[in-house]
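What follows is a single structure, written as structure tokens, with notes after it.
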Amino acid sequence: MNAVYLAQDPTLADFGKDPWWLVLIKVVFAFVVAVLATLLGVWFERRVVGRMAVRPGPNQAGPFGLLQTLADGLKMAFKEDILPKAADKVVFFFAPTISVVCAVTALSVVPFGPMVSIFGHHTPLQVTDVPVAVLVLLACSSMGIYGIVLGGWASGSTYPLLGGLRSTAQMISYEVAMGLSIVAVFMTAGTMSTSGIVAAQGDATQLTILGTEVPAPGWYAILLLPSFIIFFISTVGETNRAPFDLPEAESELVAGYMTEYSSLKFALFMLSEYVAMVTMSAVTTTLFLGGWRAPWPITLWEGANSGWWPMLWFFGKVIALVFVFVWLRGTLPRLRYDQFMRFGWKVLLPINLVWILVLAGLRSIEGWQTRDRLLATGIGAGVLLLATLLWPSRKPKPKPSLQEQANSRPHGSFPLPPMDLQVPPSPRTKRVVAEREPANVAAGSDSREV
């Protein structure tokens, strides 16, 4: 009976019953996960990018270079802490703290595993859960941007301010796409609780095809593939990771919003970036990859989703997503700012709206008979296909030739070089030669014109 209880999914009724010392253990565990995620995340990124660039990466400090990140942290702690003269001292000090606190707080509603026994107490492997836990995650993600914006503004410098403003526009653009992609999860799971969403992905979805019940995967990454792709792209933009790292673009803004920061304050910004990356990977795992549930074929083992084993599957999925973050950084170049904003507003947002409309239509006809459902689906697909084919497209104007561009320039424009790359003789030189008078030199009888 004990094993059966431990294999159960936690519900909202299982929270709020832990003693204070058990709550403290969970909070400390979440904080340790955040700190270790930063230490190991920096090392992991350096090693993976080094491997992709055919170089070793950190390999001197400790086994496999594992102590390199710890050495970097100690080095930052002993560096001089510089405060710019034009900075707002209070906001400049608290801005990195805001980013770190928001990133760590988001881990409090992420389920790491099912019900377990800790010193005789049956408790879920999660700090807490509420009926609107996903909204808590979105709020923490949005509030973390305040640290970047305030840090850039309080520095009293131009480049950090531009980085903070870019981060604001970036958050507005990609928060909308991220929120809409989660709507599909709410519609399918019927709850906003993170533990409830994980439980909803536990059972295989039964699809009726030609009157036959066919089991389908329960993961929303497969059932809601467009939402999963859009959500993950939005998380990359939300965490300011390459190729969307425009708030800290070194080639344009020196280091962006953190240009004037040094010592431990700079380390806190770095900590918040990697904690946010791990947190969003954990959120993606929870919403779309079944959370702590084991993937197939591990599920063939009856005890795969009970006890402490699910924590291993959960962190395995998180590490796989972090690898994708690093892979994108080592593969794709940074987007231009206009390309980045256009992609968020003109690509991700329309696709998301159309997908939610299609999903809502499919959900509304679930109770219909098979024939009516197929007829409605076919009509909807045909209308969508016709709209796609007949949608008016702006044809690009033919590009004028170089000579036409030169002829259309306004009077008084700066002179252009010759199109045939041959420099003509100067008109002034011709005029001077033509007006020059012949010089006569008297030299006896055989004088001649020179």
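Can you name the number of the only condition in (1) open to solvent by less than 30 Å² (accessible area, probe 1.4 Å); (2) more than 17 Å from the chain's Cα centre (by Cα); (3) aromatic (F, W, Y) that F64 fails?
With respect to (1) open to solvent by less than 30 Å² (accessible area, probe 1.4 Å); (2) more than 17 Å from the chain's Cα centre (by Cα); (3) aromatic (F, W, Y), F64 is out only on (1).
Can you tell me which residue among L107, L135 is open to solvent by 50 Å² or more (accessible area, probe 1.4 Å) and either under 26 Å from the mean Cα position of the chain (by Cα) or polar (S, T, N, Q) (or both)?
That would be L135, the only listed residue that is open to solvent by 50 Å² or more (accessible area, probe 1.4 Å) and either under 26 Å from the mean Cα position of the chain (by Cα) or polar (S, T, N, Q) (or both).
When you go through G50, G57 one by one, which is the residue that is more than 30 Å from Q126 (Cβ to Cβ), touching a Pro at 6+ places or on another chain (Cβ under 7 Å) and of a type outside the set (A, V, I, L, M, F, W, C)?
None of the other options fit; the residue is G50.
If K75 satisfies all but one of (1) within 24 Å of the chain's Cα centre (by Cα); (2) open to solvent by 50 Å² or more (accessible area, probe 1.4 Å), what's the number of the condition it fails?
(1) is the only condition that K75 fails.
Please tell me if L390 is hydrophobic (A, V, I, L, M, F, W, C) and either surrounded by 10 or more Cβ atoms within 10 Å (Cβ to Cβ) or at pLDDT below 65 (or both).
Taking the combined requirement at face value, the residue does not satisfy it.
What pairs can you find where one residue is in the range 333-344 and modelled with pLDDT of 85 or more, the other is assigned to a loop (DSSP other than H, G, I, E, B) and open to solvent by 40 Å² or more (accessible area, probe 1.4 Å), and their Cβ atoms are less than 9 Å apart, with a gap of 6+ or different chains?
Note: pairs meeting the criteria are F343/L335.
When you check A276 against the structure, is it small (G, A, S), closer than 29 Å to T191 by Cα and part of a helix (DSSP H, G or I), yes or no?
Considered against the rule, which asks whether it is small (G, A, S), closer than 29 Å to T191 by Cα and part of a helix (DSSP H, G or I), A276 comes out as yes.
Name the residue, out of A294, A320, A304, that is closer than 24 Å to D9 by Cβ, open to solvent by 50 Å² or more (accessible area, probe 1.4 Å) and free of Cβ contacts under 8 Å to residues at least 40 places away in the same chain.
A320
Take the residues of the range 233-284 that are of a type in the set (D, E) and more than 17 Å from F44 (Cβ to Cβ): which is modelled with the lowest pLDDT?
E250
Taking F92 as meeting all but one of (1) on the phi > 0 side of the Ramachandran plot; (2) surrounded by 16 or more Cβ atoms within 10 Å (Cβ to Cβ); (3) touching a Leu at 6+ places or on another chain (Cβ under 9 Å), write down the number of the exception.
(1)
Looking only at the range 12-26, count how many residues are under 22 Å from C102 (Cβ atoms), open to solvent by 50 Å² or more (accessible area, probe 1.4 Å) and either charged (D, E, K, R) or at pLDDT below 90 (or both).
Within the range 12-26, residues that are under 22 Å from C102 (Cβ atoms), open to solvent by 50 Å² or more (accessible area, probe 1.4 Å) and either charged (D, E, K, R) or at pLDDT below 90 (or both) number 1.
The values are calculated or read from the model by the stated rules, or taken from the named source; none is laboratory data. It should be emphasised that the depicted structure is a prediction, and the values quoted were computed from it without experimental measurement. Backbone-built Cβ (ideal geometry, glycine too); neighbour counts: all protein chains shown. The protein model used for the area step is the full one, side chains on, heavy atoms only, and it has no ligands, DNA or RNA in it. Shrake-Rupley method; radii C 1.70, N 1.55, O 1.52, S 1.80 Å.
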